[in-house]
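Written below as structure tokens is the structure these notes are about.
The values are calculated or read from the model by the stated rules, or taken from the named source; none is laboratory data. Just so you know, these numbers come straight off a predicted model, no measurement behind them. When we count neighbours, we look across all protein chains shown, and the Cβ atoms used for this are built from the backbone with ideal geometry, even at glycine. With ligands, DNA and RNA removed, areas are computed over all heavy atoms of the protein, side chains included. Shrake-Rupley method; radii C 1.70, N 1.55, O 1.52, S 1.80 Å.
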Amino acid sequence: MSLRSKIMIIMCATLISLIAVIYTIGQTIILKSFTELEKTIVHRNVERVLNVLADELIYLDRITVDWAAWDDTYVFIEDVNDNYVRSNLVDSTFTDLNINVMLFIDSSGRIVFGKGFDFRNGKEMPVPKSLLTHVSKAALLHHQDTKSRITGILLLSEGPMLIASRPILTSEEKGPIRGTLVMGRYLDSVEVEHLAKKTHLSITVRRFDDLKMPHDFRVARSSLSEEEPIFIRALSERSIAGYAMLKDIYGKPVLVLKVDMPRAIYKQGQASVHYFLLSLIVIGLIFSVISLLFLEKMILPRLFYLSASVNSIGSNSNFSGRVKMSGNDELSEVAFGINRMLEALEQSQSNLQKSKEHYRNLAKKLSAANKQLQDIIDFLPDPTFVIDSDKKVIAWNRAIEEMTGVRKEDIIGKGDYAYAVPFYGKPRPVLIDLIYSDDRETELQYEYVERKENVLYAETFAESLYDGKGAFLWIKASPLYNSEGKMIGAIESIRDISERKRAEKKLKYLSMHDQLTGIYNRSYFEQEMCRLGSEHNNPIGIIVCDVDGLKFVNDTLGHAAGDALLVKAADVIRKSIRKGDLVARIGGDEFAVLLPNTGETDVKNICRRIRNAVESYNASNPKLPLNISVGYAVSSGTSADIRKLLKEADNNMYREKLRRSRSTRSSIIKAMMKALETRDFIAEGHAVRLQKLAAGMAVAIGLSEDKITDLRLLARFHDIGKVGVPDRILFKEGALTPEEISEMQLHCEIGYRIAMSVADLVPIADWILKHHEWWNGKGYPLGLKGEEISLECRILAIADAYDAMTNDRPYRKAMSYEEALAELRRGAGTQFDPNLVQLFIQMLEKKS
């Protein structure tokens, strides 16, 4: 494309762009001003209509107060004399006052007189029934004082009405108030037309809840609010309308008022913009023609000559040629510059030709060597990268791409420590930078830095690797040299050693801590004893604690309960000691505390805290109490035999354990019974009822008093094993799963072990084990049948089943007496001894 064409295109584009910009400005500024003026006028016209409507209400209120504050009306509301009606409430009154309704209401809310009249057609009409509804609600009768008034709009089923309400007073406007006078005028189409003539505007009124409302009214209705009481909208290029919401006397929107008018101002604005734009086009065309004539005469011929001369020299590749141009302007300076450039090109062309071949050969060799090196680095198994002497990345292998997620294409050629960002989240010196210079601050960022000759080794944690999860890294960095022995870069290789570090940390933790309780173990405790014994930490205190009754808990409730008790014991002791003290589990049920630089008074206080913590724990966990025997010893003098000190504390603990041994098991048993008594079936008197039922059966059979006493004991303690059954099973509302049934059945064996541990319960231990055996051999845990089952267990089974059926349980409601007996009869011969069932039923029938 020629320069002339380009200039013309540019000038045309500039002119068009200028016109577009000016037109846009005219549309947005000038036309907007006309639009705003138009909206202002519409807004004022809507306000005019609202003011005229308000004047109509004021007029209606004025005539209402004239009639309400009149002695004749004041008397009429009391005596309701016909003379007042014949003289004042005739048809001409309604016509003269332009009202449709008058209501005289006494102070009790009774309508004394009411009349409706169509003053336009000159005929009487009934008082609107919907108006009477508003009167019955006292909405129009609520006048607090003599100055009170109510004016506004009421939306009646017959149509909207202008309403005024005033209290009935004397002519001097004094009370007491004897009632209310209500006057109303329909706001119908004739009234709206009257308003339109009065304001010289086009007015339309629609009900607010009109379902067939035109679209523009619906838009206005959704836009009108307390904050925007008047809404203005252009309906077309020719008309614009303003809308206002009219509320009734209750403050609810009932009508939408529309005032529309032609858009003369807007059209005038459009015409002004068009005239301005036309003037601009004419001026622009004149300016463009003058500019083109100047270019054609003064500039373009010289440019064409300069271009032709340069093209001629370039096409012949004759750098000895020169451009000849006279004058003292910018174009002549360009020609002079071109000549100087041609001289330089002529000189350099000669030099370039000589070196071109040399560099071509050198580039081939360098490219082959570089490709070979890149291939070697790329296939190294360890993540590896290389930087040059300017610390810019020149190699980034596949393994490091996988580790960092950074592609080779995104980092090759980058410097400013960009290679550190994938590992540490920010650019900073790393191990490879220590190849170039020592930096103590950089070294301190690694766990260690080892230098072997000119190779560096280090370990560190890279927190930004693997999407911020981080990893422990082993790193090796070494320099790179060229054939002349000059350092040209450095290479760094990396290995992820996170698994090794985690294993080391876990092994270290396990070597020092007890796996069950999480506190230190005996091995670490003995190390610390040796260390404290060899240092100046006197005086030294040692506390030894032993969990009492652990074997009993393990034997009765199982090792899981015993382990839980040990964990609680460790937690109680740990929370009772100071920050610098050390607690360890040194045996199965034995704990020890090392207290460096602690005197006897402080040791006693810590022992007291441990005992208090045990009491506090038992108060909030009565189900399985914690009993701990505590002994202590404190060194004296400047040195201490730490092992003798431990032995002394252990002996002191053992003495306390001997004193507590008798009460420990008893307290555990009491706690178990207490826990058992908090279960639903005990709280509801199950054990008491069961003792009575079982004893009654025993007496009926003729058992001895000793047998009856043991049977009562069995009725009380037969379910003691349920302290070892989780509440989620005991109180489950639905059916138990097979696994839950098996866990529930263990309560017989748990109860047996508990009973065998308590001297008073040994005689009934075997009965506790077998009290769920069935007559047909399908019970548990031993599968006994018939008379293999002891008589006491058979009696208890019947009494227990009856009580369970006739009382509520978590999983069902109680049965009736008759339903329970029917179930016992069905179970006779399978679950129960049939003879005993018959005897039990007879016993119950006698009592009833």
Check your understanding: Out of all the residues in segment 793-803, which are open to solvent by 10 Å² or more (accessible area, probe 1.4 Å), within 15 Å of Arg826 (Cβ to Cβ) and in contact (Cβ under 8 Å) with a residue 40 or more places away in the chain?
Key -> Tyr802
Study note, to complete from the structure: By residue number, the members of segment 435-459 that are surrounded by fewer than 15 Cβ atoms within 10 Å (Cβ to Cβ) and either more than 43 Å from the chain's Cα centre (by Cα) or among the aliphatic types (A, V, I, L, M) (or both) are Ser437, Asp438, Asp439, Arg440, Leu444, Tyr448, Glu450, Arg451, Lys452, Glu453, Asn454, Val455
Exercise for review: Six or more apart or on different chains, Cβ under 9 Å: which pairs go from a residue in segment 48-72 that's farther than 16 Å from His194 by Cα to one that's open to solvent by 40 Å² or more (accessible area, probe 1.4 Å) and in a helix (DSSP H, G or I)? Could you list them?
Suggested key: Asp72/Ser87
Review point. In segment 185-215, how many residues are in a strand (DSSP E or B), touching a helix residue (DSSP H, G or I) at 6+ places or on another chain (Cβ under 7 Å) and open to solvent by less than 60 Å² (accessible area, probe 1.4 Å)?
Key: 4
Review point. Tell me, which residue of segment 610-626 that is open to solvent by less than 20 Å² (accessible area, probe 1.4 Å) and touching a strand residue (DSSP E or B) at 6+ places or on another chain (Cβ under 9 Å) is farthest from Gly724 (Cα to Cα)?
Key: Ile610
Practice item. Identify, from the list Asp555, Asp514, the residue that is open to solvent by less than 60 Å² (accessible area, probe 1.4 Å) and touching a residue at least 40 places away in the same chain (Cβ under 8 Å). Key: Asp514
**Study point:** Asp91 being without any contact (Cβ under 8 Å) to a residue 60 or more places away in the chain, over 17 Å from Ile163 (Cα atoms) and touching a helix residue (DSSP H, G or I) at 6+ places or on another chain (Cβ under 7 Å)
**Key:** no
Check your understanding: In the list Ile41, Ile25, which residue meets the criterion of being modelled with pLDDT of 90 or more, under 53 Å from the mean Cα position of the chain (by Cα), open to solvent by 30 Å² or more (accessible area, probe 1.4 Å) and not hydroxyl-bearing (Ser, Thr, Tyr)?
Key -> Ile41
Exercise for review: Identify all residues within segment 513-549 that are within 12 Å of Arg585 (Cβ to Cβ), part of a helix (DSSP H, G or I) and of a type in the set (A, V, I, L, M, F, W, C); write none if there are none.
Suggested key: Phe525
Review point. Among Ile764, Ile741, Ile795, which is closer than 28 Å to Asp727 by Cα, among the β-branched types (Val, Ile, Thr), assigned to a helix (DSSP H, G or I) and under 54 Å from the mean Cα position of the chain (by Cα)?
Key: Ile741
Check your understanding: Hey, does segment 698-707 have a residue that's under 20 Å from Pro781 (Cα atoms) and either in contact with a strand residue (DSSP E or B) (Cβ under 8 Å, 6 or more places away or on another chain) or assigned to a helix (DSSP H, G or I) (or both)?
Key -> no
Review point. Quick check: is even one residue across segment 585-600 within 26 Å of Gly724 (Cα to Cα), assigned to a loop (DSSP other than H, G, I, E, B) and out of contact with any Leu (no Cβ under 6 Å at 6 or more places or on another chain)?
Key: yes
Practice item. Check Lys568 against each of (1) within 39 Å of the chain's Cα centre (by Cα); (2) surrounded by 21 or more Cβ atoms within 10 Å (Cβ to Cβ) and name the one condition it does not meet. Key: (2)
Check your understanding: When you scan segment 81-161 for helices (runs of 4 or more DSSP H) that lie fully inside it, which ones turn up with 2 or more residues that are open to solvent by less than 50 Å² (accessible area, probe 1.4 Å) and either closer than 19 Å to Asp61 by Cβ or modelled with pLDDT under 90 (or both)?
Key -> 91-97, 129-136
Practice item. Please verify whether segment 242-250 includes one or more residues that are farther than 27 Å from Ile30 by Cβ, of a type in the set (Val, Ile, Thr) and under 55 Å from the mean Cα position of the chain (by Cα). Key: yes
Exercise for review: Out of Ile412, Ile432, report the one residue that is within 16 Å of Ala490 (Cα to Cα) and either surrounded by fewer than 12 Cβ atoms within 10 Å (Cβ to Cβ) or touching a residue at least 60 places away in the same chain (Cβ under 8 Å) (or both).
Suggested key: Ile432
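Conditions (1) modelled with pLDDT of 75 or more; (2) under 22 Å from Ala220 (Cα atoms); (3) among the basic types (Lys, Arg), marked per residue:
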{"site": "Met1", "(1), (2), (3)": "no, no, no"}
{"site": "Arg4", "(1), (2), (3)": "no, no, yes"}
{"site": "Cys12", "(1), (2), (3)": "yes, no, no"}
{"site": "Ser17", "(1), (2), (3)": "yes, no, no"}
{"site": "Lys32", "(1), (2), (3)": "yes, yes, yes"}
{"site": "Asn45", "(1), (2), (3)": "yes, yes, no"}
**Study point:** Filtered residues of segment 824-840 (kept if crowded, with 17+ Cβ neighbours inside 10 Å, within 13 Å of Tyr802 (Cβ to Cβ) and without any contact (Cβ under 8 Å) to a residue 60 or more places away in the chain)
**Key:** Leu824, Gly827, Ala828, Gln831, Phe832, Val837
Point to revise | Residue list for segment 568-584, restricted to those being in a loop (DSSP other than H, G, I, E, B) and in contact with a strand residue (DSSP E or B) (Cβ under 6 Å, 6 or more places away or on another chain) | key: Ile577, Asp581
Exercise for review: Examine segment 317-327 for a residue that is of a type in the set (A, V, I, L, M) and at pLDDT 80 or above, and state whether such a residue exists.
Suggested key: no
Review point. Would it be correct to say that Ile540 is modelled with pLDDT of 85 or more, within 20 Å of Cys607 (Cβ to Cβ) and open to solvent by less than 30 Å² (accessible area, probe 1.4 Å)?
Key: yes
Review point. From the list Glu492, Glu459, Glu499, which residue is part of a strand (DSSP E or B), out of contact with any Ser or Thr (no Cβ under 8 Å at 6 or more places or on another chain) and not small (Gly, Ala, Ser)?
Key: Glu459
**Study point:** Residues satisfying the stated conditions in segment 216-272, i.e. of a type in the set (S, T, N, Q) and either in contact with a Pro (Cβ under 8 Å, 6 or more places away or on another chain) or open to solvent by less than 20 Å² (accessible area, probe 1.4 Å) (or both)
**Key:** Ser239
Exercise for review: Could you tell me which numbered condition Lys486 fails, if it satisfies all but one of (1) among the basic types (Lys, Arg); (2) under 30 Å from Met756 (Cα atoms); (3) more than 45 Å from the chain's Cα centre (by Cα)?
Suggested key: (2)
Review point. Quick one: would you say Asp72 is of a type in the set (Asp, Glu), out of contact with any strand residue (DSSP E or B) (no Cβ under 7 Å at 6 or more places or on another chain) and modelled with pLDDT of 90 or more?
Key: yes
Revision key, fill the gap. If we ask which residues in segment 601-641 are modelled with pLDDT of 90 or more, under 18 Å from Val567 (Cα atoms) and either part of a loop (DSSP other than H, G, I, E, B) or among the acidic types (Asp, Glu) (or both), their number turns out to be 1
Point to revise | Filtered residues of segment 724-738 (kept if open to solvent by 10 Å² or more (accessible area, probe 1.4 Å) and either part of a helix (DSSP H, G or I) or within 16 Å of Ile795 (Cβ to Cβ) (or both)) | key: Gly724, Asp727, Arg728, Leu730, Pro738
